[in-house]
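Worksheet for the structure shown next.
The values are calculated or read from the model by the stated rules, or taken from the named source; none is laboratory data. None of these values were measured; they are calculated from a predicted model. So basically every Cβ, Gly included, is an ideal-geometry build from the backbone, and we count neighbours across all protein chains shown. Side chains are part of the model used for accessible areas, which takes the heavy atoms of the whole protein and leaves out ligands, DNA and RNA. Shrake-Rupley method; radii C 1.70, N 1.55, O 1.52, S 1.80 Å.
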There are 2 protein chains.
Amino acid sequence: MILIGEKINGSIPSCGRAIAQRDEGWIRRLARIQEDAQADYLDCCASVKDGELETLRWLTGIVQDETDTPLCLDSPDPRVCVGAMEFCRKPGIVNSASLEPGKTEVIFPAVAGTSWSCIVLLSGEQGIPRTAADRLENFRRLMDRAAKAGVDAGRLYVDPLVESLAVNPESLTVFAETCRGIRQLCPQVHITSGLSNISFGLPMRRTLNLAFAVLAMEAGMDSAIADPTNPELMGAIFAAQALLGQDEYCMEYIGAWREGRFGPTGGKKG
Amino acid sequence: MILIGEKINGSIPSCGRAIAQRDEGWIRRLARIQEDAQADYLDCCASVKDGELETLRWLTGIVQDETDTPLCLDSPDPRVCVGAMEFCRKPGIVNSASLEPGKTEVIFPAVAGTSWSCIVLLSGEQGIPRTAADRLENFRRLMDRAAKAGVDAGRLYVDPLVESLAVNPESLTVFAETCRGIRQLCPQVHITSGLSNISFGLPMRRTLNLAFAVLAMEAGMDSAIADPTNPELMGAIFAAQALLGQDEYCMEYIGAWREGRFGPTGGKKG
């Protein structure tokens, strides 16, 4: 599993306050704990109304001063994403492109021929399609644009999109069907997702999020935008990897436990 | 999910001691907490060398005095299972038959034409088959015997069998393939399993057991021999039901949370 640490995001109230107050220590701590928890990328989302690019310059500067983990540049504005690429000392992920006008046109040429990757959402001009077939049609159109722009399929992180189960009882089943379709059409792309949309408006969200992660991995998801410091979640992810035949003789599972990445005391005291 | 409460079992050391000492209070408590946690059946396994039937008479008497939940009579000796049926005030489950000589021959005639159910293990004459194809061949043979004995398919709880992931890295994938095959061949049978064999010899067993439960449910398992008083496990089971489209608009999930069946404080304080 490729983990994109989700904690540096201005839409999370405590982090939004830290960004507004330019609280460098707060941001350093979020970067540090996620690197220590072995995140593969650190998402950086300013979530500010004005001066987003300048805010990202500040944010990415601190995070890169504190850690060596590559970044995932997260903005609804594709020009901000592309503009922030030059702040980065190593290639990361642009978050995100979609069929929304102006997205792929700006982002795909910027990542083509580089070592950068790119998240692509399967939303269409009318929002999130209800059916897997319609999401897969959007996938085909996006892959077509990526190929024309010279972006390798292996650099794409496809997000099939998740609605809350409280709104759409078929949310997981449509997500899983979309994942299986993607794997059939193009095995080399990554599939990623946030883990918390599924539980919006429901109690004990982390219980649903955890079961969602396990079922999404079974359907072919190989990346997640998640909190790598959450031991329950990490335990479920390592367990699912082992169960799904992606971790022979549980070597990674046992290693992660020994390192204290999950379990009440972890293997550190065990 | 049909839950068979696993806690009254002489092979669990504390329960074994209670049985040896005829500690009625201990057994009452195990029965009470599992009924309160809404187990559908209570497994009763004496696990003694001598006097197993008499021990089961004592055990089932106490459990039925304390609760109204039907029993799951659990013995390696099919004659003990069948003999203990007459101690029961209402029909339950016999645990278990298999292709092992003398099992179906004794158990199937005893449950045929009654409201009793029966667990059938897919082990063969040479132990647990490695492949799903071989387990399904055993399933076909057992279904054939059940049909000839007049046992309805809907009264069978098929256990596809689980090895530890530490011994067989394909344990879950073979289990899941077997489940899918069973559902295709005979949709009306139940599929059940213990949840803890998968993690034998590995650390943080409950983490693996929980992910196993979620993935087994996805493959078609609709029953489990498990601890209904484990809130983490119950949360994962209710979450999986909701995610897999078996709980429209999460009504059961929300209800179970309100009743305090999972969650740190449950909905009782929420």
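With the structure loaded, tell me whether B:Ala213 is open to solvent by less than 40 Å² (accessible area, probe 1.4 Å), within 12 Å of chain A (Cβ to nearest Cβ) and closer than 25 Å to A:Arg205 by Cβ or whether it fails that test. The answer is yes for B:Ala213. Quick one: is A:Gln188 open to solvent by 10 Å² or more (accessible area, probe 1.4 Å), outside any helix (DSSP H, G or I) and more than 11 Å from chain B (Cβ to nearest Cβ)? Spelling it out, A:Gln188 is indeed open to solvent by 10 Å² or more (accessible area, probe 1.4 Å), outside any helix (DSSP H, G or I) and more than 11 Å from chain B (Cβ to nearest Cβ). In the set (1) open to solvent by less than 70 Å² (accessible area, probe 1.4 Å); (2) within 24 Å of B:Met1 (Cα to Cα), B:Phe108 fails one condition alone, (2).
Looking at the structure I just gave you, is B:Ser115 modelled with pLDDT of 95 or more and within 14 Å of chain A (Cβ to nearest Cβ)? So B:Ser115 does not fit the description; no. Just so you know, in region A:141-174 the residues that are open to solvent by less than 20 Å² (accessible area, probe 1.4 Å), of a type in the set (A, V, I, L, M) and in a loop (DSSP other than H, G, I, E, B) include one that is farthest from the other protein chains (Cβ to nearest Cβ), and it is A:Val151. Taking (1) closer than 21 Å to B:Asp40 by Cβ; (2) more than 8 Å from chain A (Cβ to nearest Cβ); (3) open to solvent by 10 Å² or more (accessible area, probe 1.4 Å) in turn, B:Ala219 satisfies each apart from (3).
Within region A:9-39, the set of residues being crowded, with 17+ Cβ neighbours inside 10 Å and under 18 Å from A:Pro231 (Cα atoms) comprises A:Leu30, A:Ala31, A:Gln34, A:Glu35, A:Ala37, A:Ala39.
What do you reckon, is B:Arg22 at pLDDT 95 or above, among the basic types (Lys, Arg) and outside any helix (DSSP H, G or I)? So B:Arg22 passes the test. Among the candidates B:Asp227, B:Asp247, the residue that is within 11 Å of chain A (Cβ to nearest Cβ), open to solvent by less than 40 Å² (accessible area, probe 1.4 Å) and under 22 Å from the mean Cα position of the chain (by Cα) is uniquely B:Asp247.
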